[in-house]
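Working notes, structure below.
The values are calculated or read from the model by the stated rules, or taken from the named source; none is laboratory data. For clarity, every value in this text was computed on a predicted model and none was experimentally measured. Here the Cβ is made from the backbone with ideal geometry for all residues, glycine too, and neighbour counts use every protein chain on show. Heads up: the accessible areas ignore ligands, DNA and RNA and are worked out on the full protein's heavy atoms, side chains in. Shrake-Rupley method; radii C 1.70, N 1.55, O 1.52, S 1.80 Å.
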Amino acid sequence: MAEFTFELNDDQKQVRDWLNGFAKDVMRPAAAEWDEREETPWPVIQEAAKVGIYSLDFYAQQFFDPTGLGIPVAMEELFWGDAGIGLSIVGTGLAAVGVLANGTEEQIGTWIPQMYGDVDDVKLAAFCSSEPDAGSDVGSMRTRAVYDEATDEWVLNGTKTWATNGGIANVHVVVAVVDPEIGSKGHASFIVPPHTPGLSQGQKFKKHGIRASHTAEVVLEDVRVPGHCLLGGKEKLDERLARGRESVKKGGERVKNAAMATFEASRPAVGAMAVGTARAAYEVALDYAMTRSQFGRPIIDNQGVAFQLADMRTQIDAARLLVWRASWMAAAGRPFESAEGSMSKLFASETAKKVTAQAIQILGGNGFTREYPVERMHRDAAIYTIFEGTSEIQRLVIARTLSGMPIR
């Protein structure tokens, strides 16, 4: 088990600097254009694939970093570049985490490479969990998966929403209900292979922020997938369902479902994204405060501005430390006994919203225009307190973990 340290090793520093260079030279110059276009930035993803950032190998190297810091370091740098483009580059990773968290070795080896494609034929993947009436309340999910024993196929019906890359992805990972009698304990995840009949894109959302990332509904109408597309396999599912039914009879032992397993693994990574956006806005504000003069002196000489910057930097560093702690704990196999994963996501996402708003205030009228990037960063930061568990849900998870109450 790697010891927890605040000092990155040489390999991690090299990766950090490499990603920072890509973010600075490729992502930032393209950020405003793709934000305005509200389209998937395929040329940037293609460039990321060419240099090895958008690839299974790169993602695996960071994911299996024994210190746990590979993913948060990478997320911070990419989202320091731009949140919308960053999410387009890493959005496939959420589906990949879904397979890693719940799939067999064969499923991991078969499907994750198809999520990324290769340099000459870049592909995307989508993780589909939320529904129009089941966002934070995963127990209200209605998408059904029914097993057809005669053909060894699962038949999926329902509508998913807020799916990053939904409808345009090569591979979709879909969470569905297989036993509605036991609530969220009766959920399972399924791979929907490319070109499967019955899967279509519904509404594409026009969003407040992260506009360069494709977000849409995914409609499933009698979608048939082979039995081997059930993540983890049927034997494992049957065992888990049996435990879930027994738990319901006894009144409520906690049983982890497929969607929650994915979110638990990814929350510190989302916190790192928020840290990157907050850091980017802080740096713009700091530079502006040191070069902008009013009343014959730089505005950073004014205590009201200087104290804001001091608080901004302090909160960013605190958020990063919470993210690193949770990431290290996950890699070390230590349980989140105080919901440390949710803590990191909560604090970092709230910090991003606050810091980007303060950056606009420091820039004044300039900060309110699209001539400066803090306006876009503030719009982008709003998503961190919403997706993969709202701030309110994070607080609920933390409170219930501390009290010992079941997390449903």
Considering only the stretch 112-128, I want to know if a residue exists there that is farther than 25 Å from VAL270 by Cα and aromatic (Phe, Trp, Tyr). no
Considering every residue within the stretch 123-139, establish whether at least one is buried (at least 16 other Cβ atoms within 10 Å of the Cβ), farther than 16 Å from LEU231 by Cβ and modelled with pLDDT of 95 or more. yes
Within the stretch 145-169, track down each residue that is part of a strand (DSSP E or B) and within 17 Å of LEU231 (Cα to Cα). ALA145, VAL146, TYR147, ASP148, GLU153, TRP154, VAL155, LEU156
Being open to solvent by 20 Å² or more (accessible area, probe 1.4 Å) and either of a type outside the set (S, T, N, Q) or without any contact (Cβ under 8 Å) to a residue 24 or more places away in the chain (or both) is the filter here, so list the residues in the stretch 91-102 that pass it. LEU94, LEU100, ALA101
Counting just the residues of the stretch 1-25 that are without any contact (Cβ under 8 Å) to a residue 24 or more places away in the chain and either in a helix (DSSP H, G or I) or in contact with a helix residue (DSSP H, G or I) (Cβ under 8 Å, 6 or more places away or on another chain) (or both), which one comes out surrounded by the fewest Cβ atoms within 10 Å (Cβ to Cβ)? ASP10
Which one of GLY186, GLY227, GLY209, GLY166 is of a type outside the set (Phe, Trp, Tyr), open to solvent by less than 20 Å² (accessible area, probe 1.4 Å) and in contact with a Pro (Cβ under 9 Å, 6 or more places away or on another chain)? GLY186
So in the stretch 54-72, with the set limited to residues that are open to solvent by 10 Å² or more (accessible area, probe 1.4 Å) and of a type in the set (A, V, I, L, M), which one is nearest to the chain's Cα centre (by Cα)? ILE71
Search result, residues across the stretch 385-396 that are open to solvent by less than 20 Å² (accessible area, probe 1.4 Å) and either among the charged types (D, E, K, R) or assigned to a helix (DSSP H, G or I) (or both): THR385, SER391, GLN394
Would the stretch 314-337 turn up any residue that is touching a Gly at 6+ places or on another chain (Cβ under 9 Å) and under 25 Å from ALA30 (Cα atoms)? no
